[in-house]
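J.: My structure is below; once you've seen it, I'll send some questions.
The values are calculated or read from the model by the stated rules, or taken from the named source; none is laboratory data. Please read these numbers as outputs of a predicted model, since none were measured by experiment. Here Cβ is always computed from backbone atoms with ideal geometry, including for glycine, and neighbour counts include all displayed protein chains.
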Amino acid sequence: MNKIYDMIIIGGGPAGLSAAVYAKRAKIDVVVIEKAPIVGGQVLSTYEVDNYLGLPGINGFELGMKFKEHAEKLEVEFAEGDVLEVDFSGVEKCVRTSAGEYKAKTVILATGAAHRKLGVPGEEELAGMGVSYCATCDGAFFKGMTTVVVGGGDVAVEDAIFLARICDKVYLVHRRDSFRATKVLMDALGKYNNIELVLDSVVESIEGEDQVECINVKNVKTGEARQLKAQGIFVAVGMIPNTDAYKSALELDEVGYVVAGEDCVTSVPGVYAAGDVRTKELRQIITAVSDGACAVKMAERYLEVL
């Protein structure tokens, strides 16, 4: 493809679609590259979104479709394909995909991050039906119920504390006998009598018909099996940023996230990172949408002086 766009947006989730809307409104010639057949990102598989401003309780798929429709109304150009390789070394950035090569003066990476999964029976089948990867997103649906949190870092402990305030009981399952979480969080954890620690244990399977009913765990030291009756399980064992194709092109942190601040500016001039793919404290739909707008604003400034 010989055409040189003003902007390539890689990723069609909330960050990418927000950037596309802002780019079109700024009269920027833009194309959105998305590997999935349907744009919208992870929100499409979210059963219910209860914390997006103005749209409480909206179905995740419906919200994703609203984002997509908004972009389509502005006649955003979409291209489907897997990104295989990028070259950000020149003024013109090159993105090679399974469907062809694209060039542009600026690039916004909005490729997101995937929740690390347990990989146990029942996890995929009950996703959105009691299996969740975000306590702040879905915790309110389990008020007065029993839940399980899996993990040993800051996020897992924060999730357990958050859930303990609204749930009758919270099991915190960790494969070791000590936590990686900060001392201040561990001190806070000890103040809740309705949190039970299940240490040296791993989840073997998740059971339920149309909703999570119980979680089977095994003690890794004794081999003892135990069944935890619960209506929800929150998996907090880390995230995997979708940055494999950019490892040699951009500065990444030790985990693999693109190093970029609130201005979304990366280590390469003309390249920006928006949403879950960048280094940040809070990864939510609303912060991804905000990043998309900010990234376009910074790209506009770059294009003006190019």
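J.: Taking into account only those residues within the range 34-69 that are among the hydroxyl-bearing types (Ser, Thr, Tyr) and part of a loop (DSSP other than H, G, I, E, B), which is surrounded by the fewest Cβ atoms within 10 Å (Cβ to Cβ)?
T.: Ranking the candidates gives Tyr47 first.
J.: I want to confirm something. Restricting to the range 27-67 and keeping residues that are small (Gly, Ala, Ser) and in contact with a Leu (Cβ under 7 Å, 6 or more places away or on another chain), which single residue is modelled with the highest pLDDT?
T.: Across the range 27-67, the extreme among qualifying residues is Gly64.
J.: Based on what the data block shows, is Tyr133 at pLDDT below 95 and in contact with a His (Cβ under 9 Å, 6 or more places away or on another chain)?
T.: Here the answer is yes, as Tyr133 does meet what is asked.
J.: Are any of the residues in the range 151-162 closer than 22 Å to Cys214 by Cβ, assigned to a helix (DSSP H, G or I) and touching a residue at least 60 places away in the same chain (Cβ under 8 Å)?
T.: Yes, some residue in the range 151-162 is closer than 22 Å to Cys214 by Cβ, assigned to a helix (DSSP H, G or I) and touching a residue at least 60 places away in the same chain (Cβ under 8 Å).
J.: Continuing with this model, one more query. With (1) in contact with a Phe, Trp or Tyr (Cβ under 6 Å, 6 or more places away or on another chain); (2) surrounded by fewer than 18 Cβ atoms within 10 Å (Cβ to Cβ); (3) touching a residue at least 40 places away in the same chain (Cβ under 8 Å) as the list, and Glu196 as the residue in question, which single condition is left unmet?
T.: Condition not satisfied by Glu196: (3).
J.: I would also like to ask the following. Of Tyr22, Tyr52, which residue is farther than 23 Å from Ala114 by Cα, in contact (Cβ under 8 Å) with a residue 60 or more places away in the chain, hydroxyl-bearing (Ser, Thr, Tyr) and not assigned by TED's automatic domain parsing to the domain that holds Glu125?
T.: From the options Tyr22, Tyr52, the qualifying one is Tyr22.
J.: What number goes with the only condition from (1) over 22 Å from the mean Cα position of the chain (by Cα); (2) without any contact (Cβ under 8 Å) to a residue 60 or more places away in the chain; (3) in a loop (DSSP other than H, G, I, E, B); (4) within 30 Å of Asp177 (Cα to Cα) that Leu282 does not pass?
T.: (1)
J.: So, of the residues in the range 122-144 that are of a type in the set (A, V, I, L, M, F, W, C) and not in a loop (DSSP other than H, G, I, E, B), which turns out to be farthest from the chain's Cα centre (by Cα)?
T.: It comes out as Phe142.
J.: Right, here's the next one. Do the conditions hold for Ala15, that is, is it closer than 27 Å to Arg301 by Cα, assigned by TED's automatic domain parsing to the domain that holds Phe88 and in contact with a strand residue (DSSP E or B) (Cβ under 6 Å, 6 or more places away or on another chain)?
T.: It is false that Ala15 is closer than 27 Å to Arg301 by Cα, assigned by TED's automatic domain parsing to the domain that holds Phe88 and in contact with a strand residue (DSSP E or B) (Cβ under 6 Å, 6 or more places away or on another chain).
J.: Could you check the range 9-33 and list, in sequence order, the residues that are buried (at least 24 other Cβ atoms within 10 Å of the Cβ) and not β-branched (Val, Ile, Thr)?
T.: Correct list: Gly11, Gly12, Gly13, Pro14, Ala15, Gly16, Leu17, Ser18, Ala19, Ala20, Ala23.
J.: Condition test on Ala79, is it surrounded by 14 or more Cβ atoms within 10 Å (Cβ to Cβ) and within 21 Å of Asp276 (Cβ to Cβ)?
T.: No: the conditions fail for Ala79.
J.: Additional query: Can you pull out the residues in the range 153-181 that are surrounded by fewer than 20 Cβ atoms within 10 Å (Cβ to Cβ), charged (D, E, K, R) and within 25 Å of Lys221 (Cβ to Cβ)?
T.: Asp154, Lys169, Arg175, Arg176, Asp177, Arg180
J.: Sort through Gln211, Gln231 and tell me the only one that's within 25 Å of the chain's Cα centre (by Cα), over 21 Å from Leu109 (Cα atoms), surrounded by 18 or more Cβ atoms within 10 Å (Cβ to Cβ) and outside the structural domain of Lys24 (by TED's automatic domain parsing).
T.: Gln231
J.: Can you tell me which of Thr97, Thr46 is over 27 Å from Tyr302 (Cβ atoms) and of a type in the set (Ser, Thr, Tyr)?
T.: When all the criteria are applied, what remains is Thr46.
J.: Take the range 220-268 and flag every residue that is β-branched (Val, Ile, Thr) and within 30 Å of Asp168 (Cβ to Cβ).
T.: Listed by number, the residues that qualify are Val220, Thr222, Ile233, Val235, Val237.
J.: Going by the structure shown, is Ala249 assigned by TED's automatic domain parsing to the domain that holds Glu281, modelled with pLDDT under 95 and over 23 Å from Ile161 (Cβ atoms)?
T.: In short, no.
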